[in-house]
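Contents: one structure, followed by commentary.
The values are calculated or read from the model by the stated rules, or taken from the named source; none is laboratory data. Here the structure is a predicted model, which is why all the values come from computation and not from measurement. Every residue, glycine as well, gets a Cβ built from its backbone with ideal geometry; the counts of neighbours run over all protein chains shown.
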Amino acid sequence: MTGYEAGKTMNPRGKLPRVALALALVLAGGAAVAQSARSVSSPAIAANAVRWSPVPAAIPAGAQIAVLMGDPTKAGPFVARLRFPPGYRFPAHTHSVDELVTVLSGTVHFARGNTLDRTKGRPLGQHGFNPTPAGVPHYLYTDRGATIQIQGEGPFDFKYLKASDDRRNR
């Protein structure tokens, strides 16, 4: 159990374990994206050229997705964006791979745990960063809407802690 998960720390200031984890994930994810970017033949994407689509059934309805690089459902690095409407919530779930999230606009409340609890979400605004290791239950919500960018290594999956939260089961 890490200090972050337990709410305890391993040093007097309480920041070293979190900073070390975040740095390791950023470097690992960044290296994967950099390696893949060298082999990608598509051109840069201007902000007004990003193509938004409804999210797949694995993600709660109401959001939109734009995949900028790779394919999250296949092996290899990917970069995707999710745009959330006001009041959006993403129930507790896990992934089998690490998830690296950057908030591009708005404020998103992130928390780790088995049940969405609006009193425990940590608000992150524009440029905030939230790494979540594989297998760690987490959730998010936004009050006024937001856009995030996710990067990771596919295949990227979603496993909800409560089957009733997964709209693929409906």
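Would you check which residues across the range 129-160 are aromatic (F, W, Y) and in contact (Cβ under 8 Å) with a residue 60 or more places away in the chain and list them?
Narrowing the range 129-160 to residues aromatic (F, W, Y): 129, 139, 141, 156, 158, 160.
Correct list: F129, F156, F158, Y160.
In the set (1) within 16 Å of F158 (Cα to Cα); (2) assigned to a strand (DSSP E or B), the condition left unmet by V67 is number (1). Scanning the range 91-137 for residues that are of a type in the set (S, T, Y), modelled with pLDDT under 95 and farther than 17 Å from P60 by Cα turns up just one, T119. Here L25, L82 are screened, and the one residue that is modelled with pLDDT under 95 and under 18 Å from L124 (Cβ atoms) is L25.
Can you pull out every residue in the range 144-155 that is farther than 23 Å from A47 by Cβ and either among the hydroxyl-bearing types (S, T, Y) or buried (at least 17 other Cβ atoms within 10 Å of the Cβ) (or both)? Residue satisfying the conditions is E153 alone.
Can you pull out the residues in the range 44-60 that are of a type in the set (A, V, I, L, M) and surrounded by fewer than 10 Cβ atoms within 10 Å (Cβ to Cβ)? Of everything in the range 44-60, those that are of a type in the set (A, V, I, L, M) and surrounded by fewer than 10 Cβ atoms within 10 Å (Cβ to Cβ) turn out to be A44, A46, A47, A49.
Of everything listed in (1) free of Cβ contacts under 8 Å to residues at least 60 places away in the same chain; (2) over 25 Å from D166 (Cβ atoms); (3) surrounded by 12 or more Cβ atoms within 10 Å (Cβ to Cβ), the single unmet condition for P77 is (1).
Within the bounds of the range 137-150, is there any residue that is basic (K, R) and under 24 Å from W52 (Cβ atoms)?
yes
Filtered by the rule that a residue be hydrophobic (A, V, I, L, M, F, W, C) and surrounded by fewer than 17 Cβ atoms within 10 Å (Cβ to Cβ), the range 114-135 gives F129, A134.
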